[in-house]
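Let me begin by presenting the structure, written as structure tokens, before commenting on it.
All of the numbers you see were taken from the coordinates with simple rules; none came from a lab. All of these numbers come straight from a predicted model, not from anything done at the bench. Cβ: placed from backbone, ideal geometry, glycine included. Neighbour counts: every protein chain shown.
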Amino acid sequence: MDRRQFLTQAAALSGLASALLPGNSMSASRSKALPMAPVARKVPQTQTQLGRTRIDDYAWMKDDNWQKVLRDPSLIKPDVRDHLLAENAYTKAMLAPTEALQTTLFEEMKGRIKQDDASVPMTDGPWAYASRYQTGAQHPIHVRTPRNGGPEEILLDEEAESQGQGFYEVGAARHAPNHKLYAWAVDNQGSEVYKIFIRDLATGKVLASPVESSTGDFCFSPDSAWLFWTYRDDNGRPSKIYRRPVRGTSADDVLIYDEPDEGFFIGVDTLSSDRYIAISCGNQETSEVLLIPAEDPTAKPRIVQSRESGLRYEVDHWNDHFVIRTNADGAVDWKLVTAPEATPGRAHWQDWCPHQPGRLIVGTSIYKDYLVRLEKVDALNRIVITGRDGQEHDIAFDEAAFALNLEGGFEYDTRTLRFVYTSMTTPRQWIDYDMATGARTLRKTQEVPSGHEPSQYETRRLNARASDGTDVPIFVLMKKGTPLDGSAPLLLYGYGSYGIPMEPSFSIRNLSLVDRGWIWATACPRGGSEKGWSWFLEGRKFKKKNTFTDFIACAEHLHGAGYGKPGNTVAYGGSAGGLLMGAITNMRPDLFAGIIAAVPFVDVINTMSDTSLPLTPPEWPEWGNPLQDAAAYDYIASYSPYDNVAPRPYPAILATGGLSDPRVTYWEPEKWVAKLRPASTSGKPVLLKINMEAGHGGASGRFDFLKEIALDYAFAIWAIESGWTSA
């Protein structure tokens, strides 16, 4: 069946769209003549590794020239392109009945965004820097005004720059400390290959010779004379740090650091006091920091503490000494130590904020007279402020579940701390806090133009009991009065990897389901850091299956308490959360009516065995190395979603991806769907949607991105209300 036939069938199905209006059921509107799903050809490829053999029928979907495809998708092999287009057309045809709903959901979410929104200005010397949107714009305008008021100056108009481009993403933007230059990093493909441009603010001209092949990570030296940046190699990894004069060209580039370990990530930035430039290197287990004195930006970088396997540390500078966040000496949840400038190595570290099990020190912000640390205890954040005299106080809040983020700032000599407070019912609030007096100034509250009344909703903090007796946190949002008898549909979201915590924060998107009577639940399985760094360690490598069984325990606990039931529950996760979706789909397909797997990491054994891929060597500490460790191979193979597809009654599935995605390559969801569809015995649809103009994060515009979320949510409703019981 060619693409034109698919679109013809989609048009025939579009008459069913009226059934998708809120309150209507889709089950009575199923077409008897459904479009035919693409059938991927099988080309068995045998791979032998550590004495183990596996057969991959769909390895052909990986373009051998994938590095060039990331930069120019038009180079993709014709047979792969044709198959992806066929999958997209099939998904469009199958979801044609939801097109009206998708439009409604999109308009709802768009209506909750302030069209002419603007950030709270952030002061630095004589200027106040901010960004703002024009009504209808997808991208912001970067501006500054005189600190004490005056005319606005446009630094970068992203909306104008993005015109005519299918993808446009600014990864970072910053001004030079002397306020004479403005630099930004742009990705035009979604492949995370950035160019760095610099504008002379006196003339408005962009300097010649932009930096090519960057990760988007860069900084100015504190004297504004030099630009430091991280180079991205042909395998998509940050591998080198370069320096050039701010008005120089590529001929002036000087290599100042070349990372010898292909498994390490690297980056460059200035420390809080602006006394040092720091090169940070590391993976999930080991780190190393090198320093360049700001008074001599061309000096050779000096190592703070040589890398030791298992030792992690981060360095900042406070007036006349270093403050280091580290896991040294068994500090699983991290501690803070101090070190002299002259001798910053581990032998001279002195405990300053000791390790307390269960209190995760997430990070710090340092100012001339105050050190601020963000902590997490039992899945909730708190802010603690320490003065130079050693006196401490924290900032109190009333809600039972909330999220906090430190905003940082440009100025070191200030007593104003800016942070963001939110909860699942409370829109974001930007608050300036006087660290000397404790006075709070509300600078901005996130506006919801279409209206939002927090009192109409309620949040709950629940705990599910895992099979080993561990309590797993769950955050729940629902409208007040939602019945807890299993009748309300449930969306259960999860991630559970890399120590990234799920926060009970406000989302304009989730309200579109909750306002339709759904319950939104966010599970916090092991693998995140909601309950400390040990929570992460208990959900990685040879303990990765805890993430999956914790999520299943959350679903069972919610069902047992009346929050949804198997027939009206949809699970949702992306990237490593997509791995979670794939694993629980194989383990307990009976618990879910639908699965949304966004850019899902599902081909684990193959990806972790392919050293050419950007993230493979750096990811071995997280998953294990199946090229050298037979135990790691066997463990990964026992849960890898792609490798464990078998005849089962799978739920309805929507997998999404991006053709230019360097993190989870397009062929992972493509291969997974190709294998799932013939294996499913339920007759429920298995769909694939690949964005042919984007990467890992999906569409780049603030509104285009919402269209992708609207598709996901429409699928969730459709998966439950369509009554899929047989083919």
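Which listed residue (P501, L290, V211) has the Cα farthest towards the positive end of the charge dipole for the chain, taking +1 on Lys and Arg C-beta and -1 on Asp and Glu C-beta about the Cα centre?
P501
Whole angstrom only: what separates the Cα centroid of the range 558-607 from the Cα centroid of the range 112-134?
Taking the Cα centre of the range 112-134 as reference, the centre of the range 558-607 is 38 Å away.
Which whole-number percent is the relative contact order of the range 358-450 (Cα, under 8 Å, 6+ apart)?
The normalised contact order for the range 358-450 reaches 18 percent.
Through the Karplus equation 6.51 cos²θ - 1.76 cosθ + 1.60, θ set to phi - 60°, convert the phi angles of the range 584-596 into ³J(HN,Hα) values in whole Hz; use x for Gly and Pro.
Those phi angles translate into 6, 5, 6, 7, 9, x, 6, 7, 9, 7, x, 10, 10 Hz.
What is the distance in Å between the Cα centres of the range 358-390 and the range 188-237?
Spelled out, the Cα-based centre of one part sits 32 Å from the other.
Residues of the range 427-462 with the amide nitrogen closer than 11 Å to a label point 7 Å from the Cα of K114, along Cα-to-Cβ, please.
Under 11 Å, as judged by backbone N against the label point of K114, lie 428-430, 443-449 of the range 427-462.
Name the shape class, rounded, prolate or oblate, that the alpha-carbon gyration tensor gives for the range 358-450, where a ≥ b ≥ c are the square roots of its eigenvalues, rounded holds for a/c under 1.5, and otherwise prolate holds if a/b is larger than b/c and oblate otherwise.
The shape class here is oblate.
Quick one: which residues, 5 or more positions from L156 or on another chain, have an amide H under 5 Å from its amide H? H modelled 1.01 Å from N in the peptide plane, none for Pro or chain starts.
Residues meeting the criterion, in which the H sits 1.01 Å from N, are H142.
If amide H atoms are built 1.01 Å from N in the plane of the peptide, which residues on other chains or at least 5 residues away come under 5 Å of the amide H of A172?
A185
Using the reciprocal of the averaged 1/r over all distinct C-alpha pairs, how large is the Kirkwood radius of the chain in Å?
Values: mean 1/r = 0.0369 Å⁻¹.
By the Kirkwood definition, the hydrodynamic radius is 27.1 Å.
Could you check the simple spin-label distance between E161 and V39, using points 7 Å along Cα→Cβ, in nm with one decimal?
Label-label distance for E161 and V39, simple model: 4.9 nm.
When only Cα pairs under 8 Å and 6 or more residues apart are kept, what is the percent relative contact order across the chain? List each step's numbers first, then the result.
Working: 1711 pairs, mean separation 77.9, N = 727.
11 percent.
Counting other beta carbons within 10 Å of each Cβ, put L492, L462 in order, fewest first. Write out the running numbers ahead of the final one.
Numbers: L492 26, L462 17.
By the 10 Å Cβ count, ascending, the order reads L462, L492.
What is the spin-label model distance, in nm, from S450 to E153 if the labels are put 7 Å beyond Cα along the C-beta direction?
Going from the S450 label point to the E153 one covers 4.0 nm.
Compute the separation of the alpha-carbon centres of the range 626-701 and the range 426-455 and state it in Å as a whole number.
First find each Cα centre; the distance between them is then 40 Å.
Please list, in order, the residues from the range 464-497 whose amide nitrogen is less than 18 Å from a point placed 7 Å along the Cα→Cβ vector of D515.
Flagged as within label range: 477-482, 489, 491.
For T203 and D378, compute 0.36 nm times the residue count separating them, minus their Cα-Cα distance, and round to one decimal in nm.
Stretched fully, the T203-D378 segment lengthens by 57.8 nm.
Would you be so kind as to identify which of W66, L181, Y194 lies farthest towards the positive end of the dipole of the chain, taking Lys and Arg as +1 and Asp and Glu as -1 on Cβ and the Cα centre as origin?
So the residue furthest toward the plus end is W66.
Over 18 Å between Cα atoms: which of K565/K689; K42/K671; K77/K671; K479/K684; K444/K479; K335/K531 fall into that group? Show your work: numbers first, answer last.
Details: K565/K689 27 Å; K42/K671 11 Å; K77/K671 15 Å; K479/K684 30 Å; K444/K479 25 Å; K335/K531 16 Å.
Exceeds cut-off: K565/K689; K479/K684; K444/K479.
Using the crude model of +1 on Lys and Arg Cβ and -1 on Asp and Glu Cβ, and no other charge, please compute the dipole size for the chain relative to its Cα centre, in debye to 20.
The dipole of the chain has a size of about 1700 debye.
Can you work out the FRET efficiency for the pair Q356 and D629, with r the C-beta to C-beta distance and R0 = 45 Å, to the nearest 0.05?
0.85
Note down the magnitude of the dipole of the range 459-547 about its Cα centre, charges +1 on Lys and Arg C-beta and -1 on Asp and Glu C-beta and zero elsewhere, to the nearest 20 debye.
Here the range 459-547 has a charge dipole of around 180 debye.
What list of ³J(HN,Hα) couplings, whole Hz, do you get for the range 519-526 from phi and the Karplus terms 6.51, -1.76, 1.60, once you set θ to phi - 60° and write x for glycine and proline?
For the range 519-526, the Karplus curve yields 9, 9, 10, 10, 7, 10, x, 4 Hz.
Roughly what would the spin-label model give for D369 and T416, points 7 Å off Cα along C-beta, in nm?
1.5
For the range 221-313, I need the span (max minus min coordinate) of the C-alpha atoms along each principal axis, in Å, sorted largest to smallest.
40, 33, 18
How large is the dipole of the range 383-473 about the Cα centre if only Lys and Arg carry +1 and Asp and Glu carry -1, each at its Cβ, rounded to the nearest 20 debye?
About 160 debye.
Work from the charge dipole of the chain (Cβ charges, +1 for Lys and Arg, -1 for Asp and Glu, about the Cα centre) and give the residue of G248, A339, H559 farthest towards its positive end.
H559
Please sort 465-474, 294-303, 87-96 by packing, taking for each peptide the average over its residues of neighbouring beta carbons within 10 angstrom, highest first.
Working: 465-474: 16.6, 294-303: 13.2, 87-96: 23.2.
Going by the mean number of other Cβ atoms within 10 Å, highest first, we get 87-96, 465-474, 294-303.
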